[in-house]
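Take a look at the structure below.
The values are calculated or read from the model by the stated rules, or taken from the named source; none is laboratory data. Fair warning: this is a prediction, and the values are worked out from it, not measured in the lab. Neighbour counts run over all protein chains shown; Cβ positions are idealised from the backbone, glycine included. The accessibility values were calculated without ligands, DNA or RNA, using every heavy atom of the protein model including side chains. Shrake-Rupley method; radii C 1.70, N 1.55, O 1.52, S 1.80 Å.
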Amino acid sequence: MMRRLITTSLVLLLASGCASTADGAAEPAAPAPRTSAPASASPSETASTAPSEPARLGGEEAAVRYLEIVRPYNEALEALETAINTGQPVEAQQEQAAATLTELRAEIKALRGERWPAKVEPHARSLADAGEQAVPSWEAAVAAATAEDMVAAVLAALEHDDQAAADAIRRLLALDQYDEGDYSS
């Protein structure tokens with residue numbers, strides 16, 4: 001996908017037209033406040049009502065959950081690629097970049113929110129960390145005023161793609177290799 005995006009970016013750079021700016025993406029919702037046990041609760045009551053650490057996902061469960069987590073971002077990214085490759089107006093590309101950023105933030109949160117099988121966990125954390133590093137570039141894509149700016153921001157975001165971690169997760173969970181056709185509309 002990246003090679004096609006880079007090739008397309010050269011075409012877009014040569015054929016770009018006027019563009020206008022758009023507002024940035026909405027900020028993610030604030031996390032729900034954590035509540036503690038009531039002050040009147042005894043230590044034994046507090047221990048029995050305190051949330052326990054969730055169990056690690058089993059292999060099959062982790063495979064299903066991983067695909068559920070990454071699908072929205074992958075679909076948004078493929079839609080953005082289509083918008084760029086077909087020369088859609090920058091405003092349409094900005095909307096797709098905003099959707100991609102929203103899905104990336106959700107993916108990061110979900111990757112960190114699961115207890116993955118022990119062999120998968122470091123790769124899931126690495127993938128989430130890479131996503132965090134890409135966020136500023138995705139924010140730049142949302143604010144891109146020209147096709148050139150959009151392509152530059154997207155390429156900068158994709159530099160943080162931790163394909164090795166994603167490949168390791170797929171291998172460890174016995175999933176097929178990534179196929180962008182699975183995420184194209």
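Within the range 63-81, the residues that satisfy the criterion of being under 21 Å from Leu155 (Cβ atoms) and not acidic (Asp, Glu) are Val70, Tyr73, Asn74, Ala76, Leu77, Ala79, Leu80. When Ile108, Ile84 are checked against the criterion of being among the hydrophobic types (A, V, I, L, M, F, W, C) and over 13 Å from the mean Cα position of the chain (by Cα), Ile84 stands alone in meeting it.
Taken together, Asp129, Asp149, Asp176 contain a single residue that is modelled with pLDDT under 95 and of a type outside the set (Gly, Ala, Ser), which is Asp176. Looking at the range 92-141, which of its residues are aliphatic (A, V, I, L, M) and out of contact with any Leu (no Cβ under 9 Å at 6 or more places or on another chain)? Ala92, Ala98, Leu101, Ala106, Ala110, Ala118, Ala130, Ala140, listed by residue number. Ala165 passes every criterion in (1) more than 21 Å from Gln96 (Cα to Cα); (2) in contact (Cβ under 8 Å) with a residue 60 or more places away in the chain apart from (2). Checked against (1) more than 19 Å from the chain's Cα centre (by Cα); (2) part of a helix (DSSP H, G or I); (3) of a type in the set (Ser, Thr, Tyr), Tyr73 passes all but a single condition, namely (1). Selection of the range 63-101 for residues being hydrophobic (A, V, I, L, M, F, W, C), open to solvent by 30 Å² or more (accessible area, probe 1.4 Å) and farther than 16 Å from Ala140 by Cα yields Val64, Leu67, Ala79.
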